[in-house]
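Student: Dropping the structure in here first, questions after.
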Amino acid sequence: MGDEEEEDYMSDLFIKEDVRPGVPMVRRVREALQKEEKQKEANEKNRQKSVKEEERERRDLVLSSALGDENKGFALLQKMGYKSGQALGKSGEGIVEPIPLNIKTGRSGLGHEEFKKRKAEEKLENYRKKIHMKKQANEQAADQFRIRFKNKQEERKMEGDLRKSQRACQQLDIQKDIEAPKEIWYWLQPEEEDQKDEEDKDDECTGSDLSVSAKLQILTAYLRKQHFYCIWCGTTYEDAEDLSSNCPGDSAADHD
């Protein structure tokens, strides 16, 4: 028995043998792999097969074998004119191969696989909806941010135009010996002049409930009518006719 037993290639005996100089390392490795493969084949051959494996082998053998004359169903078909390999049906339009056998190997009840498949599809669909909704929410948030940013820029621009109009109104009124503004917010107040470069002021013009846009519209109209002056052109025209003929319009958009 000791002579027939294969040596373990990882044992000290195997490692010590055939290590003389000149023996290629590749050959020793190849011999070790061959011994390992043979050992695996021997173990697989001697391994006791399980009941399920034996049942599967017997079933596959029967399913792979054609029906013989001893089969009653096949014999009945032959009496009606059927020949092996021929399609079923009077005109041969039926199936040729038998209906495949669907073997149920699990312990779950009937319909469980369909239930699992349906639940998986529902989970995938819910995940897709969640991703879609998240994408829409991100796009809406980005759109709202752009709108707020644009509105903030426009608001700051109007505030700058209003300050410029107030400053121009004050200078032009003083040139015509007007000692007080028509409305208090027509001129820049001292505290507003000092804080004109601040960006986070909510309302730089006091003394009125009008919005910045409304104030700008009223004041530019006053400048055009009273002084023939356009803040966007930066020009004082000779008269109303000269203003209407040479000034593009009465708003910043008209001058763009």
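Student: Mind checking which residues of the range 134-178 are open to solvent by 90 Å² or more (accessible area, probe 1.4 Å), closer than 19 Å to PRO190 by Cβ and of a type outside the set (S, T, N, Q)?
Tutor: ILE174
Student: Check off (1) at pLDDT 80 or above; (2) more than 13 Å from ARG167 (Cα to Cα); (3) surrounded by 16 or more Cβ atoms within 10 Å (Cβ to Cβ) for THR235 and give me the number that stays unchecked.
Tutor: Going through (1) at pLDDT 80 or above; (2) more than 13 Å from ARG167 (Cα to Cα); (3) surrounded by 16 or more Cβ atoms within 10 Å (Cβ to Cβ) one by one, THR235 breaks only (3).
Student: State all residues of the range 124-133 that are open to solvent by 90 Å² or more (accessible area, probe 1.4 Å) and either over 11 Å from the mean Cα position of the chain (by Cα) or not basic (Lys, Arg) (or both); if no residue qualifies, say none. Outline the logic, then answer.
Tutor: We begin by selecting, within the range 124-133, every residue open to solvent by 90 Å² or more (accessible area, probe 1.4 Å); these are 126-130, 132-133.
ASN126, TYR127, LYS129, HIS132, MET133, listed by residue number.
Student: Restricting the search to the range 210-235, which residues are assigned to a loop (DSSP other than H, G, I, E, B) and of a type in the set (A, V, I, L, M, F, W, C)?
Tutor: Once the filter is applied, which keeps residues that are assigned to a loop (DSSP other than H, G, I, E, B) and of a type in the set (A, V, I, L, M, F, W, C), the range 210-235 yields LEU210, PHE228, ILE231, TRP232, CYS233.
Student: Check the range 110-123 and report whether any residue there is under 30 Å from ILE231 (Cα atoms) and either part of a loop (DSSP other than H, G, I, E, B) or open to solvent by 80 Å² or more (accessible area, probe 1.4 Å) (or both).
Tutor: No.
Student: Residues in the range 90-102: is at least one among the polar types (S, T, N, Q) and surrounded by 10 or more Cβ atoms within 10 Å (Cβ to Cβ)?
Tutor: no
The values are calculated or read from the model by the stated rules, or taken from the named source; none is laboratory data. Bear in mind the structure is a predicted one, so any value in this text is a computation, not a measurement. We place every Cβ from the backbone using ideal geometry, glycine too, and count neighbours over all the protein chains shown. For accessibility, only protein heavy atoms count, side chains too; no ligands or nucleic acids. Shrake-Rupley method; radii C 1.70, N 1.55, O 1.52, S 1.80 Å.
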